[in-house]
Every structure is written in C-alpha cells, then in structure tokens.
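J.: I have a structure I would like to understand better, so I am pasting it below and will then ask my questions one at a time.
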Amino acid sequence: EYAPGANDNGTGVATLLESVRLLNDYGFARTIRIIFFTGEESGLVGSRAYVKDHALQGIIGGLNLDMFGYDSNGDRCLELHTGTLPVASSTAAVFIDAAQEKNLALTFDVLTTNATDRSDHASFWQKDVGVVTVIENFFDNNQPGGCIGVDGNPYYHRPSDTFDHITQSYAFDIARTAILTTARLAEPIH
C-alpha cells in the first residue's frame, strides 16, 4: 500500500540528514557512522547486509531512529528498545541524560527482555552490537513512570502517513536528543 512515510521513517531520515549537517563542524575522538538502511519492512534486508559486509569491532553503541513523530495524547513518551546487551543500556542512559539535561520533558519506557526485534537494531543484536531503537509509544509496556497504554499511530503504513500528522515539537525534541547522544558517545574534541 502506498505510504508517503512522513513518520515511518521520515522522522529518522530527517534526523540523520540534520546530524550530518550539524556534526560535520566538530571533531570527535571516535568515528561516527550515519547509516541509511532500506528494506526494513522486507526482513531487515539493508541492516542484515550491512552487518554482514562491515567490520563491527569497536562500536561502542548506536541508535536506530525508527519512527518517533506521533504523540496524540501529549505525554511525550517514547520507547528505547535496548534488549539485554549492556552497551545498549549505557547508550539509553546517555540518551535519557541528554533529554533531561536539556529539560525536554520526554518520558521513556526502556525495554530489555520485552524489546521488539522488528527493526534494524535486531541485525546488530545478532552480532552482539548494542544498538538502541528509538520509537514512539508503540507497545503497552506498563512501566512505572513511563508511557501510559499505547499511543499507536493510526497512519502507520497508510497513505495518510503525512507531515500534517507529525507532532512536530515531540519529534524535534527526540531528534535533538538523538543528535546530542551521538555527539556524546563520539566524544567531542573541540
């Protein structure tokens, strides 16, 4: 079915493009890889090919920016799917600290054993690389202080997944947090 993809995954793509623009002016102690995958909906084709064809040693963490532009109930809650790899938990902690430091009023469900494997991070998990998926409140996790119920996007994979259905301030603050997290993980040197 035709879906313009403003949220899935225009929010992630826009954030990656902006991160290239912003981070280009800085030096970092670590290499930053900004990767655009295709074929996620067809069995994680792009990310599976990437982990097969590229060296993964030395990766200290990563973010998979799936879709994070829909917040109909205004709770500004999102999910961080970390799985059980310790480095992913550390990356999630950096993400949460960045949001709190900037007073972005985001709340979180951090998912470990109940994390989904339905996005590109799963290809990295299979190679023991800790990547966190950042996604809007897609599942009912019932975590104390976290998301309340499910705030499912009714436009997901539909022709109505258009820009006018994006909660812009919510998506913008998640994007800001992701870029700041990336910079902190890479250790700025100037």
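The values are calculated or read from the model by the stated rules, or taken from the named source; none is laboratory data. It should be emphasised that the depicted structure is a prediction, and the values quoted were computed from it without experimental measurement. Virtual Cβ from ideal backbone geometry, glycine too; neighbours counted across all protein chains shown. Ligands, DNA and RNA are stripped out before the accessible areas are found, and what is left, the full protein with its side chains, is counted by its heavy atoms. Shrake-Rupley method; radii C 1.70, N 1.55, O 1.52, S 1.80 Å.
J.: For segment 1-104, what ratio Rg/Rh do Cα atoms give with a Kirkwood hydrodynamic radius?
T.: Values: Rg = 15.3 Å, Rh = 16.0 Å.
Rounded to two decimals, Rg/Rh equals 0.96.
J.: Over the chain, with the other protein chains present, what is the accessible area per residue in square angstrom, probe 1.4 angstrom?
T.: Numbers: 9630 Å² over 190 residues.
That works out to 51 Å² for each residue.
J.: Could I ask something else about it? Note the full-extension length gain between ILE32 and ARG118 as 0.36 nm times their separation in residues minus their Cα-Cα distance, in nm to one decimal. Don't jump to the answer; show the numbers that get you there.
T.: Values: separation 86, 0.36 × 86 = 30.96 nm, distance 2.40 nm.
Between ILE32 and ARG118, full extension yields an extra 28.6 nm.
J.: Can you compute the FRET efficiency between SER160 and ASN73 using 1/(1 + (r/R0)^6), with r the Cβ-Cβ distance and R0 = 30 Å? Round to the nearest 0.05.
T.: On the way: r = 18 Å, r/R0 = 0.62.
Once the sixth-power term is evaluated, E becomes 0.95.
J.: Please give the peptides 120-127, 64-71, 50-57 ranked by average Cβ packing (other Cβ atoms within 10 Å per residue), highest first, as a rough proxy for protection.
T.: Numbers: 120-127: 20.9, 64-71: 24.5, 50-57: 11.0.
Answer by packing, highest mean first, reads 64-71, 120-127, 50-57.
J.: Between ALA3 and ASP97, 0.36 nm times their residue separation minus their Cα-Cα distance comes to what? Write out the running numbers ahead of the final one.
T.: Details: separation 94, 0.36 × 94 = 33.84 nm, distance 3.42 nm.
Extending this stretch completely gives an extra 30.4 nm.
J.: Rounded to whole Å and ordered largest first, report the semi-axes of the equivalent ellipsoid of segment 132-190 derived from its Cα gyration tensor (root of 5λ). Mind showing how you got there, number by number?
T.: On the way: eigenvalues 140, 63, 18 Å².
In descending order, the three semi-axes are 26, 18, 10 Å.
J.: Quick query: amide H of VAL132 versus all other amide H atoms, modeled in the peptide plane; which residues come in under 5 Å with a sequence gap of 5 or more or a different chain?
T.: GLY62, LEU63, ASN64
J.: Let me ask something additional. Could you check the simple spin-label distance between VAL45 and ARG21, using points 7 Å along Cα→Cβ, in nm with one decimal?
T.: Here the answer is 3.0 nm between the modelled labels.
J.: Next up: In nm, to one decimal, how far is the modelled label at ASP53 from the one at ILE148, with both set 7 Å along Cα→Cβ?
T.: Between ASP53 and ILE148, the simple spin-label model gives 4.7 nm.
J.: Let me ask something additional. Want the number for ILE189 to ASP128: 0.36 nm per residue separation, take away the alpha-carbon distance, what's left? Mind dumping the intermediate values first?
T.: Numbers: separation 61, 0.36 × 61 = 21.96 nm, distance 2.81 nm.
Working it through step by step, the gained length comes to 19.2 nm.
J.: Stokes-Einstein diffusion coefficient for the chain at 20 °C in a medium of 1.002 mPa s, Rh from the Kirkwood formula over Cα pairs: what value in µm²/s?
T.: On the way: Rh = 16.7 Å.
Answer, rounded: 128 µm²/s.
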